[in-house]
Amino acid sequence: MQTINNLGGFIIDMDGVLWHGNKPLPGLIEFFSTLRELKIPFVLATNNASLTQQQYLTKLANMGVEVCAEEILTSSMATACYLKENLPTSKRRVFVIGESGLTEPLQQQGFEITSTYYPADPQATTENIWADIVVSGLDRKLDWNKLATATLNLRAGAEFYATNADTTLPTELGEVMGNGGVLAALTAVTGVKPIVIGKPEPILYQQAFEILGTDKHNTIAIGDRLNTDILGAVNAGMRSIMVLTGVSSEADLADIDYRPDWIFQDIQEITRLLKQ
């Protein structure tokens with residue numbers, strides 16, 4: 001029988017673990033009620049950059065789960081924090097490929113969002129168009145104008161960052177294109193590769209440690225995707241659980257040289273184990 005020891009807290013992915021699109025996965029409410037009952041702290045840490053912290057709170061509430069703002073950490077929030085801490089104050093103009101989930105954290109950290117170049121504004125000048133930084137996240141209203149503006153900025157020397165490099169996103173209908181496809185297109189036409197903040201880089205997990213007050217030794221990641229959630233845990237030096245309700249399968253383990261510490265069918269199986 002599998003056991004989990006030295007558990008100070010969970011860092012839990014959302015898409016493919018808790019839901020598919022707007023459809024909650026079985027056992028969602030009981031999973032969270034068990035965490036509350038056993039007083040196990042958690043942070044919901046997602047690579048999905050499209051929704052704001054408040055939108056995730058609302059989404060969970062609509063599924064019958066109440067969490068607080070401090071228990072939500074998106075790759076957009078992590079990116080905005082990272083940029084503020086690591087870039088000089090002279091670099092504060094950002095062109096964004098993304099939605100409110102990305103623009104809002106950047107503005108909260110003091111960044112100025114620049115406009116799309118096309119269609120060309122007769123009054124526009126290089127001073128109010130060019131950005132110091134291009135940041136790309138999931139954008140469900142992506143169009144040629146945004147891609148063209150990002151290309152122009154990158155060719156003019158803007159730094160390139162990405163909230164995540166997920167090639168796909170699980171939905172109710174199956175996997176659809178994620179931010180990784182946009183990054184591939186921009187890199188192909190500019191030759192510039194982005195610095196990625198989200199999983200599998202360890203930054204998102206490290207920021208979650210700070211929120212939880214835990215460390216890599218007593219924190220466990222729960223995710224569905226090997227090349228982001230699980231590899232990110234490996235890179236952060238922590239243990240991980242893979243659930244089989246999302247992108248990766250047990251068969252995928254044959255093609256990689258790392259693996260999760262535990263594999264469960266779904267969050268219901270984790271709940272049963274915790275209750276034991």
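Taking amide hydrogens as modeled 1.01 Å from N in the peptide plane, which residues meet the under 5 Å criterion relative to ILE72, leaving out close sequence neighbours?
LEU44
Using a Gaussian network model of the chain whose springs link C-alpha atoms within less than 10 Å, name the residue from TRP130, TRP144, TRP262 with the highest mean-square fluctuation.
Fluctuation is largest for TRP144.
If you take the square roots of the eigenvalues of the alpha-carbon gyration tensor of region 87-196 and sort them as a ≥ b ≥ c, do you get rounded (a/c under 1.5), prolate (a/b over b/c) or oblate?
prolate
Within region 144-181, name every residue whose backbone N is under 20 Å away from a label modeled 7 Å from Cα of GLU210 along the Cβ vector.
161-164
What is the ratio of the Cα radius of gyration of region 2-88 to 2.2 N^0.38 Å, where N is its residue count, to two decimals?
Normalised Rg, Cα atoms only: 1.18.
For a quick check: with amide H placed at 1.01 Å from N, whose amide H comes under 5 Å from THR219's, ignoring anything fewer than 5 positions away on the same chain?
GLY8, ARG239
So what are the ³J(HN,Hα) numbers for region 75-87, from phi and the Karplus equation (6.51, -1.76, 1.60; θ = phi - 60°), rounded to whole Hz, Gly and Pro as x?
Working through the residues one at a time gives 5, 5, 4, 5, 5, 4, 5, 4, 5, 5, 7, 10, 10 Hz.
Only Lys, Arg, Asp and Glu count, each charged at its Cβ (+1, +1, -1, -1), so figure out the dipole size of region 87-196 about its Cα centre, rounded to 20 debye.
Rounded to the nearest 20 debye, it is 300 debye.
Just so you know, all these numbers are worked out from the coordinates, no wet-lab data involved. Being a predicted model, the structure only gives us computed values, none of them experimental. Ideal geometry is used to build each Cβ from the backbone, glycine not excepted, and the neighbour counts take in all protein chains shown.
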